[in-house]
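The values are calculated or read from the model by the stated rules, or taken from the named source; none is laboratory data. On a predicted model such as this, the values are computed, not experimentally measured, just so you know. Methodologically, a virtual Cβ is constructed for each residue, glycine included, from the backbone with ideal geometry; neighbour enumeration extends over all protein chains shown. These area figures cover heavy atoms from the full protein model, side chains too; ligands, DNA and RNA do not enter into them. Shrake-Rupley method; radii C 1.70, N 1.55, O 1.52, S 1.80 Å.
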Amino acid sequence: MADVVVIGAGPIGLMAAWRSARAGAAVVVLDDGRPPAGRVAAGMLGPWSEVEHRDGAMHLLMVAASRRWPELVVELEADSGHDVGFVPSGTLLVAGRPEQIAPLRRHGQTVGTLDSDLEWQTGTALRTLEPGLGPDVAGGFVMHDEHQVDPRQAMAALRAACDVKGVEILDRCARALISEGNRVAGAITTRGEQITATDTVMAAGWSASRISHRVPMRPVKGQIMRLGLPAGRSLPVTHVVRSADAYVAPRPHGEVVVGGTVEEAADTRVTAGAVQSLLEEASRLVPDLRELELTETAAGLRPATPDGLPAIGRDTTDGLIWATGAFRHGILLSPVIADAVAGIVAGQPPDALLANFTPNRFAEAA
Ligand SMILES: Cc1cc2nc3c(=O)[nH]c(=O)nc-3n(C[C@H](O)[C@H](O)[C@H](O)COP(=O)(O)OP(=O)(O)OC[C@H]3O[C@@H](n4cnc5c(N)ncnc54)[C@H](O)[C@@H]3O)c2cc1C
């Protein structure tokens, strides 16, 4: 019997498995082989551009996650021998249209970064810093502390690190939990096997609620595209560039990620309309994108709870730990969620901040 069975090998399941194994637990991961949302994700680590209130619990969690990333990269690269694709690029959060200036300036005053208000920069000042920005960029903020990671590289590194730490990753779909009274004792696969463990970690993304209804989840579709550099061209920008309509994330190895839609839908079809509007909005920010090669279009399903906050922590049912519902921030949050899981498995008292994300809030509300 394992100490821990993790259901789902997305960024959060893999990270939780690696952290738990690193702390000495015997870990098994079950994965059904479907591409995780994490494979599609852009990998922006955006605690200031993506929240609305500086002091909310979610913002505090996001900031903690963002500060954890650089140290985690060192540990993960040492364990895996892989480059994780962490790029301290900084982010330009900009107004791509005149009507976006006022709400963006309010956002900067409300949210700030590193506990200070952000300083508004004119379009001209931003173009001096980043000459690839288009003439429509009317101003914005430079966020020196917001970076990015390549989720595909990070997940490859996590798989390698899991391997080094003795985590067994099984190609299996979990159908149900093994229930023993008020206790979960592992998972039952669609082949009928019982994978038993002291603790079961629910990291199956949006489909976690198909296995247990205690945390209601829904998929939120996101479409995205990847552009490649033709021979002899360099990246059109070096910072992540974001507006209310689109984002552009340049990777040093010559890829530019352009995203992303947010749709209440459960399919992963890429639509012509989404590609058109994302390219239109993104090339308003960075006109030279039009010259790049369209190498990939994709859609993924983000895991969202009814209140949009993650579900992290022990269920009132013994032996069950939730680690899902990270919605638009699962790459950013994966280190803090994984550390929380590893701590719970090791019997440590959870950080007080995590009480805001208890998975039991839904059962209590019902
Ligand atoms: C277009 C787009 C852009 C995004 N950009 C960003 C970004 O820039 N920054 C950021 O922080 N986040 C971003 N996200 C969000 C991020 O991708 C998710 O929050 C994150 O992937 C959630 O991780 P997860 O491990 O919970 O779920 P997933 O990544 O979905 O992984 C869950 C895994 O569990 C497996 N699974 C499901 N059911 C079972 C079962 N019954 N048995 C076994 N395995 C199972 C699935 O197949 C999957 O592999 C983006 C998402 C999208 C779609």
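Odds and ends about this structure:
- Criterion (crowded, with 17+ Cβ neighbours inside 10 Å and of a type outside the set (Asp, Glu)) met by exactly one of Gly325, Gly308: Gly325
- Selection status of Gly166, among the small types (Gly, Ala, Ser), away from the ligand (no atom under 14 Å from the Cβ) and modelled with pLDDT of 95 or more: yes
- Flag for Ala64 being among the small types (Gly, Ala, Ser), open to solvent by 10 Å² or more (accessible area, probe 1.4 Å) and closer than 22 Å to Val257 by Cβ: no
- Within the stretch 67-87, tally of residues that are on the phi > 0 side of the Ramachandran plot, open to solvent by 40 Å² or more (accessible area, probe 1.4 Å) and within 19 Å of the chain's Cα centre (by Cα): 0
- Some residue of the stretch 283-302 being in contact with a helix residue (DSSP H, G or I) (Cβ under 7 Å, 6 or more places away or on another chain), more than 29 Å from Gly56 (Cα to Cα) and open to solvent by 40 Å² or more (accessible area, probe 1.4 Å): yes
- Some residue of the stretch 137-149 being of a type in the set (D, E, K, R), at pLDDT 95 or above and either surrounded by 15 or more Cβ atoms within 10 Å (Cβ to Cβ) or not assigned by TED's automatic domain parsing to the domain that holds Leu235 (or both): no
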